[in-house]
Structures are given as C-alpha cells and as structure tokens.
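Peer 1: There's a structure below that I have some questions on.
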Amino acid sequence: MISILTLYVFGLTLADFCNIIKPTGNYKDVIPFISMFLSIGILILSLLEGSQNYQIKSERLHNCSKEIAEVYNELRQFICTDAKNVDGDNKLSELTKRYEFILSKYTENHDPIDYELFQTEHRKYFNIGWVKGKIILLKSLLISYWLYVLLIFTPALVLYIILIK
C-alpha cells in the first residue's frame, strides 16, 4: 500500500516536472496539491501501520494457543481415561480455571471474522454451504482491505477526472 502510494507521488512529481500532464486554469495547482496530500497520507499510514505491533500480537496469540492446546490435550486425555473416578469433577474444575486464566492473561484475541473463516475451513462440522462460505470470504476481504483498495484507486480516479476536464 505504502509502496503504491509512493509510486503515485513519484509519478505525479515527474509528470508535473516533465510537463507530461498539463492541467490548465483552475487545475494547474492540483498536481502539486495531490502530491503533497499523498505524501502526508503516506506518512500517516506508515505511522499507523508501525504502531500496530503485529509481531507482538502474533507472538502473544501463538503463546496463548500453545497454552490452550496443553489444557485441551489434558482434557482429551481425561476424557479418554476413566473419567468417572472421584477426582473427575475436581480435574474438570481445575482445567476450566486454567483455561479461564489463560484467556484473561492474554488480552489479544482474534476478530469475529476469524471464527467465521475457521468455520468455512471446516464446513462439514459447522454445516456451512459453499455460497455462505464464499460470502464469508468476501466479507473477510472487505473488512481487511477496504481502506487499502480505496487508497489505491482514489488517487487514480481523481487524476483521471482532472485529466478529462
């Protein structure tokens, strides 16, 4: 995204410098304005993306999943063995408390769309049809990339409109 916007800025600057684009009248200052506007947008977008700490969030989600997997494996082992013994209720209570502790320890969580994507990957278990799966995939793409698509195509559209006039 940042690279594409930077390419727009370089292209606009070069086109203006080499007189390839020759807006007239009220539009003669539009190219420098768009270049400066995009440059500021690149700076803001870079700061926003840099502050997301994706690596830290990814590591925490991974650590959380490893701890939950341990609890899950103990639960499976408990279920597969003779769960009717006297300590059965205590073991389930202890596993539940550990699970809740793990969830409270890690504040990061997946977005709701992540669960829907998981359901589409395991359609037969969640009884999700092909069409609903494709709708969920499209929804995921829109949620994740709408801003980037907008930022990529808006400058090109604005330039196209300016050049036509």
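Any read-out appearing in this document is the output of simple, stated calculations on the displayed coordinates, not a laboratory observation. Since this is a predicted model, take the numbers as computed values, not measurements. Cβ sites come from the backbone with ideal geometry, for glycine too, and all protein chains shown count toward neighbours.
Peer 1: Placing +1 at every Lys and Arg Cβ and -1 at every Asp and Glu Cβ, with all other atoms neutral, what dipole size does the chain have around its Cα centre, in debye to the nearest 20?
Peer 2: Its charge dipole is roughly 620 debye.
Peer 1: Note the angle between two axes, namely the Cα long axis of helix 30-50 and the longest principal axis of the Cα atoms of the chain, as a number of degrees from 0 to 90, rounded to the nearest 10.
Peer 2: Value to nearest ten degrees: 20.
Peer 1: Among all the lysines, which ones have a C-alpha under 27 Å from K105's C-alpha, if same-chain residues fewer than 8 places away are not counted?
Peer 2: Reachable lysines: K57, K66, K91, K97.
Peer 1: If a/c stays under 1.5 just call it rounded; otherwise compare a/b with b/c (prolate if a/b is bigger, oblate if not). Do that for region 51-159, with a ≥ b ≥ c from the square roots of the Cα gyration tensor eigenvalues.
Peer 2: oblate
Peer 1: Here's a follow-up. Looking at region 54-125, which chymotrypsin sites (Phe, Trp or Tyr not before Pro) are DSSP coil and have at most 12 other C-beta atoms within 10 Å of their C-beta?
Peer 2: none
Peer 1: Among R123, R76, R98, whose mean-square fluctuation peaks in a Gaussian network model of the chain (Cα, cutoff 10 Å)?
Peer 2: Answer for the Gaussian network model of the chain: R76.
Peer 1: Another question about this same structure. Mind checking which lysines have their C-alpha under 27 Å from K28, skipping anything on the same chain fewer than 8 residues away?
Peer 2: Result set, ordered by chain and number: K165.
Peer 1: So, R0 is 30 Å and r is the distance between the beta-carbons of S93 and S65; what FRET efficiency does that work out to, to 0.05?
Peer 2: 0.85
Peer 1: Using the charge dipole of region 54-109 (Lys, Arg: +1 at Cβ; Asp, Glu: -1 at Cβ; taken about the Cα centre), state which of Y99, C80, Q55 has its Cα farthest towards the positive end.
Peer 2: Farthest towards the positive end: Q55.
Peer 1: Would you calculate the separation in nanometres between label points at E100 and M36, each defined as 7 Å from the Cα along the Cα-to-beta-carbon direction?
Peer 2: Computed distance between label sites E100 and M36 equals 5.9 nm.
Peer 1: Provide the gained length on full extension for the span L117 to V149, in nm with one decimal, where the gain is 0.36 nm per separating residue minus the Cα-Cα distance.
Peer 2: Here the answer is 9.4 nm.
Peer 1: Could you put I20, I34, I68 in order, starting from the residue whose Cβ has the fewest other Cβ atoms within 10 Å?
Peer 2: So the residues, fewest neighbours to most, are I20, I68, I34.
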